[in-house]
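Worksheet: one structure, shown below.
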Amino acid sequence: MSGGSSTRSLAGGIGVVVFLAAYLVMLGMGLHRTILLAPLALGLAALVCALKPMVEVEKQSALYFAIGILAFMIFFLHETYEFKGKERNFPLIIGYAGIVLSLLDIASVTETVAGRFVTRFFGATLDPSEIKPREVRRELLVFGVMVLGVIGIWLFGFLIASPIFVFLWMLLGGGKSVKLSLYVGLGTFVFVYLLFEQILSYELYRGEVTTWIMDMIWE
Amino acid sequence: MIEVMGGLLNALGTASLHFLNFGSLSWLVAGTCCGLLFGAIPGLGGTTALALLIPLTFGMDKSDAIMLMGGSMAATSTGGSVSAILLNTPGIAPNAATTFDGFPLAQQGRAGEAIGAGATASALGGLIGVFTLILVIPIAKEIVLLFSPPEFFLLALFGLCAIAVSTGTRLLQALIAAIFGFICGFVGFDLVSGVVRYSYGVEALWDGIKLVPALIGLFAISQMIDLAVQGGTIASHAAEFKIQRISAGIRAVFANWSTMLVGSGIGTFIGAVPGVGGTVAAFLSYSTQVQRDGNPDVPYGRGNIKGVIAPESANNAKDGGSLIPTLAFGIPGSAETAVFLGAMVLHGLEPGPRLLFDHEDVVFTLVLSLTIACVVATLIVLALAKPMAYLTYVDAHILAPTVTVVALVGAYALQGEFGDVVVAMAFAVIGYLMIRYQYPRITFTIALVLADITERSFFQAMGISDDSWAIFVTRDVSLILISLIVISLLIPSFRVWLRKRSASKRGAS
């Protein structure tokens with residue numbers, strides 16, 4: 001680790017301690033639980049700063065993911081304290097176990113003595129070469145298409161949105177020909193319609209816009 | 001004993017009646033075809049097939065549903081052997097050992113022989129596994145009576161730990177995934193306290209996270225996202241092999257019956273241990289065969305037909321074995337059986353001890369489904385090996401949108417609520433992130449399925465003991481289970497220690 005990196009780690013480490021202390025003080029003062037989330041969020045941000053220099057570049061996204069999991073576990077535990085008695089006993093056990101495991105997971109990503117120990121004990125190796133290369137841009141594109149597909153289904157229903165979704169994905173996302181995209185889109189429509197509506201007699205979701213239009217026509 | 005056998009035969013007779021009905025039999029064949037198809041396409045697998053099939057079973061009679069799903073479960077690994085032999089690409093992980101000798105045989109122009117041997121060994125192995133299940137069911141009934149809430153609680157934890165350990169180098173991440181599965185399982189109405197938890201006022205979450213949309217998202221859609229992100233086709237090179245001399249392969253299995261028997265035995269035993277699964281069974285069977293056969297005619301790895309028979313008989317035999325803990329204790333032995341458990345719950349069949357007593361006919365319907373599906377799958381593979389292999393060349397951008405649409409329709413069809421589509425998409429993203437960062441989805445799924453029974457057992461145990469934790473360490477069966485949990489968690493470090501020791505020995509010599 002270079003001099004600059006160790007300074008960043010040190011500052012981050014101090015930040016973690018400060019924000020954790022602030023959380024405990026605020027908890028003691030009996031402040032509202034939502035406000036308590038602020039020092040926790042800042043503490044996690046400081047943790048990222050502290051650990052980033054200790055992690056290989058290829059593993060940094062794994063570190064962010066592991067810290068994300070820790071944040072989720074803390075949030076879960078925070079929410080669990082809203083409940084009383086029996087309803088929170090088992091979730092508390094699970095929540096605390098989750099935090100311990102998340103911390104170990106974070107340690108396992110770092111190039112530190114603790115990290116090496118955890119890796120040895122749990123055999124928790126994350127070989128960067130085993131992570132298949134994935135373009136973030138491509139991932140966002142696929143997620144975006146999926147979300148648009150769901151919105152399309154919500155607005156226009158399965159029978160209208162499904163063939164359009166398949167057609168557009170193949171044409172724009174997969175670079176397929178118009179003819180092939182059209183055939184597969186129509187094939188999907190026929191399959192969904194025959195199997196679900198005709199054979200299994202389910203009434204598929206019609207969509208908000210389609211239902212509104214149909215209501216207008218009927219009136 | 002006579003009474004037990006009488007009850008067994010009675011249940012077997014009731015279950016057999018379903019198979020005389022043409023409609024029910026058609027569902028079995030449909031499930032078998034689906035399992036073969038998804039097994040043959042690398043990256044999809046049996047869990048995806050089951051997740052997609054669940055919505056189709058909503059309106060069905062529970063026996064038909066069990067036949068559809070059972071057929072699919074039994075046929076997956078047989079389908080996977082085809083792509084393993086023809087393309088050197090295992091359809092599912094347990095078929096990986098088949099590639100060692102299956103693909104060299106195909107390269108030598110003996111693909112038909114390898115497929116014949118693989119399919120026949122799969123069928124016979126599957127039958128042996130199922131017959132073992134039939135023999136074990138009466139004994140399992142006696143064993144489950146020894147279990148009470150503390151033992152069920154610990155058994156659930158042991159099942160999870162064993163499965164987490166089986167993920168190899170990702171134990172820590174598997175345990176985190178299990179914790180996450182439990183947390184998702186806490187959402188909604190709590191049967192113990194009667195309080196709605198973690199639903200944030202969203203009415204759709206009051207009943208908890210519905211298992212089927214969650215599983216559809218976690219396995220089917222997330223796999224499609226992964227496929228779409230990576231692009232291309234599933235298989236990388238064309239299969240230009242002649243499919244002939246299939247009968248020679250069938251004869252080879254009978255000529256090497258001891259290989260098949262040993263493989264089936266290993267598969268059944270390994271299958272019964274939660275989490276160890278078909279991959280371990282197949283590889284263990286293969287390595288045992290290599291050790292047993294000291295001086296082979298054809299070296300292993302260069303096209304020895306016994307190298308196909310051993311793993312294929314083991315990975316189909318494990319299906320029967322893995323249903324032993326699933327049916328008797330409600331502890332799924334694999335991701336596939338976890339999804340299957342979800343389907344059973346959907347049809348009002350609570351897995352666990354009561355199932356063996358109250359729904360024996362359903363258990364035997366499943367047993368017979370697995371038996372018939374093994375044979376049907378083999379016949380279909382023998383007839384349609386080559387066209388099946390071509391499925392692996394379907395482009396990701398054709399497969400992903402079409403499967404996603406069918407999966408979303410399936411998620412919606414569960415209860416006709418659009419919220420389920422959103423749940424499926426949310427779990428698809430979670431599933432994809434778990435694939436990307438190598439957090440095993442299997443422990444997440446099993447914890448999600450087991451969250452309810454685990455929490456209930458925990459409270460019942462604490463209730464029995466007046467809130468004393470001692471109840472978990474003062475009973476014989478509990479102590480055995482705690483020891484097993486500790487041992488299972490120490491296995492990875494023991495492995496590391498063994499590796500270090502052998503490395504230092506090698507260094508010294």
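The values are calculated or read from the model by the stated rules, or taken from the named source; none is laboratory data. Remember, predicted model here, so these are calculated numbers, not experimental data. Methodologically, a virtual Cβ is constructed for each residue, glycine included, from the backbone with ideal geometry; neighbour enumeration extends over all protein chains shown.
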Exercise. Within the bounds of the stretch B:394-415, is there any residue that is farther than 28 Å from B:Ile163 by Cα, more than 8 Å from every other protein chain (Cβ to nearest Cβ), touching a strand residue (DSSP E or B) at 6+ places or on another chain (Cβ under 8 Å) and surrounded by fewer than 24 Cβ atoms within 10 Å (Cβ to Cβ)?
Worked result: yes
For this session: Would you be able to say whether some residue in the stretch B:306-320 is assigned to a helix (DSSP H, G or I) and surrounded by fewer than 24 Cβ atoms within 10 Å (Cβ to Cβ)?
Result: no
For this session: Could you pull out the residue among A:Leu155, A:Leu195 that is at pLDDT below 85, surrounded by 13 or more Cβ atoms within 10 Å (Cβ to Cβ) and within 24 Å of B:Ala424 (Cα to Cα)?
Result: A:Leu195
Problem set entry | From the options A:Val147, A:Val178, residue that is more than 7 Å from every other protein chain (Cβ to nearest Cβ), farther than 22 Å from B:Asp226 by Cα and modelled with pLDDT of 90 or more | A:Val178
For this session: Report yes if B:His347 is modelled with pLDDT of 80 or more and surrounded by fewer than 24 Cβ atoms within 10 Å (Cβ to Cβ), otherwise no.
Result: yes
Exercise. So which residues in the stretch B:327-376 are in a helix (DSSP H, G or I) and among the acidic types (Asp, Glu), if there are any at all?
Worked result: B:Glu336, B:Asp358, B:Glu360, B:Asp361
For this session: From B:Gly70, B:Gly91, B:Gly79, grab the single residue that is closer than 21 Å to B:Ala396 by Cβ, at pLDDT 80 or above and either assigned to a loop (DSSP other than H, G, I, E, B) or within 15 Å of the chain's Cα centre (by Cα) (or both).
Result: B:Gly79
Exercise. If you check A:Gly13 against the conditions, is it over 19 Å from B:Tyr200 (Cβ atoms) and not in a helix (DSSP H, G or I)?
Worked result: no
Exercise. What number of residues in the stretch A:134-154 are touching a helix residue (DSSP H, G or I) at 6+ places or on another chain (Cβ under 9 Å) and farther than 16 Å from B:Met425 by Cα?
Worked result: 4
Exercise. Is the stretch A:52-75 home to any residue that is in contact with a helix residue (DSSP H, G or I) (Cβ under 7 Å, 6 or more places away or on another chain), within 14 Å of chain B (Cβ to nearest Cβ), outside any helix (DSSP H, G or I) and not hydroxyl-bearing (Ser, Thr, Tyr)?
Worked result: yes
Problem set entry | Hits in the stretch A:83-95 - residues which are closer than 18 Å to B:Phe182 by Cβ and either at the interface with another protein chain (Cβ under 10 Å from one of its Cβ atoms) or modelled with pLDDT under 90 (or both) | A:Phe83, A:Lys86, A:Glu87, A:Arg88, A:Asn89, A:Phe90, A:Pro91, A:Ile93, A:Ile94, A:Gly95
Problem set entry | Criterion: modelled with pLDDT under 80, crowded, with 21+ Cβ neighbours inside 10 Å and touching a Lys or Arg at 6+ places or on another chain (Cβ under 8 Å) - qualifying residue of B:Ile234, B:Ile270 | B:Ile270
Seminar exercise, completed: Looking across the stretch B:417-453 at residues that are facing chain A (nearest Cβ under 8 Å) and of a type in the set (Val, Ile, Thr), the single one that is nearest to A:Ala62 (Cα to Cα) is B:Val429
For this session: Scan the stretch A:198-219 for residues that are more than 10 Å from chain B (Cβ to nearest Cβ), part of a helix (DSSP H, G or I) and not hydrophobic (A, V, I, L, M, F, W, C) and jot them down.
Result: A:Gln198, A:Thr210, A:Thr211, A:Asp215
Exercise. Can you name every residue in the stretch A:21-40 that is part of a helix (DSSP H, G or I) and surrounded by fewer than 15 Cβ atoms within 10 Å (Cβ to Cβ)?
Worked result: A:Ala21, A:Leu24, A:Val25, A:Leu27, A:Gly28, A:Arg33, A:Thr34, A:Ile35, A:Ala38
For this session: Would you be able to tell me the number of residues in the stretch B:158-213 that are over 17 Å from B:Ile430 (Cα atoms), in a loop (DSSP other than H, G, I, E, B), more than 10 Å from chain A (Cβ to nearest Cβ) and aliphatic (A, V, I, L, M)?
Result: 2
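Yes/no matrix, rows are residues, columns are (1) surrounded by 21 or more Cβ atoms within 10 Å (Cβ to Cβ); (2) at pLDDT below 75; (3) under 30 Å from B:Ser247 (Cβ atoms):
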site: B:Asp361; (1), (2), (3): no, no, no
site: B:Thr378; (1), (2), (3): yes, no, yes
site: B:Ala383; (1), (2), (3): no, no, yes
site: B:Met388; (1), (2), (3): yes, yes, yes
Exercise. When residues of the stretch A:22-67 are filtered for being touching a Pro at 6+ places or on another chain (Cβ under 7 Å) and among the small types (Gly, Ala, Ser), how many remain?
Worked result: 1
